[in-house]
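I have placed the structure first, in the form of structure tokens, so that the comments after it can refer back to it.
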Amino acid sequence: MTPATEPVAPLAGTADEDLLTRKEASAFLIQFGIRMKPETLARLWSTGGDGPPCLHVRHKPYYPRGVLRAWALEQVSDLRASAPPAARGRRHG
């Protein structure tokens, strides 16, 4: 079997299935106003935090673009005029 000499074009509609490294995922999240270093993504995953889900290929984490986009959109809240009632009760002073 001979190796292909031309790059294989991605199939139409597969952009959301692209797998991003932690560094690429960190850069991708910036467009949603979420600034997370790759190290933060690693910590959130390893501690079971509420970070974006990822999958592992041979022990290396990858973030599907569509899943990452959905997670980022869930993190953005509506505009607020004040803190929610539970947070106002925790204020000191």
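The values are calculated or read from the model by the stated rules, or taken from the named source; none is laboratory data. As the structure is a computational prediction, the values presented were derived from the model and not from experiment. Positions of Cβ are generated from backbone atoms using ideal geometry, with glycine treated the same way; all protein chains shown enter the neighbour counts. For accessibility, only protein heavy atoms count, side chains too; no ligands or nucleic acids. Shrake-Rupley method; radii C 1.70, N 1.55, O 1.52, S 1.80 Å.
In this structure, is residue 20 of a type in the set (A, V, I, L, M) and surrounded by 17 or more Cβ atoms within 10 Å (Cβ to Cβ)? Judged against the criteria, residue 20 is a match.
Just one of 82, 46, 26 is of a type in the set (S, T, N, Q) and modelled with pLDDT under 80; which is it? Sole residue among the options that is of a type in the set (S, T, N, Q) and modelled with pLDDT under 80: 82. Taking segment 44-66 as the range and being in a helix (DSSP H, G or I) and either touching a Phe, Trp or Tyr at 6+ places or on another chain (Cβ under 7 Å) or open to solvent by 30 Å² or more (accessible area, probe 1.4 Å) (or both) as the test, the residues that pass are 45, 46, 65.
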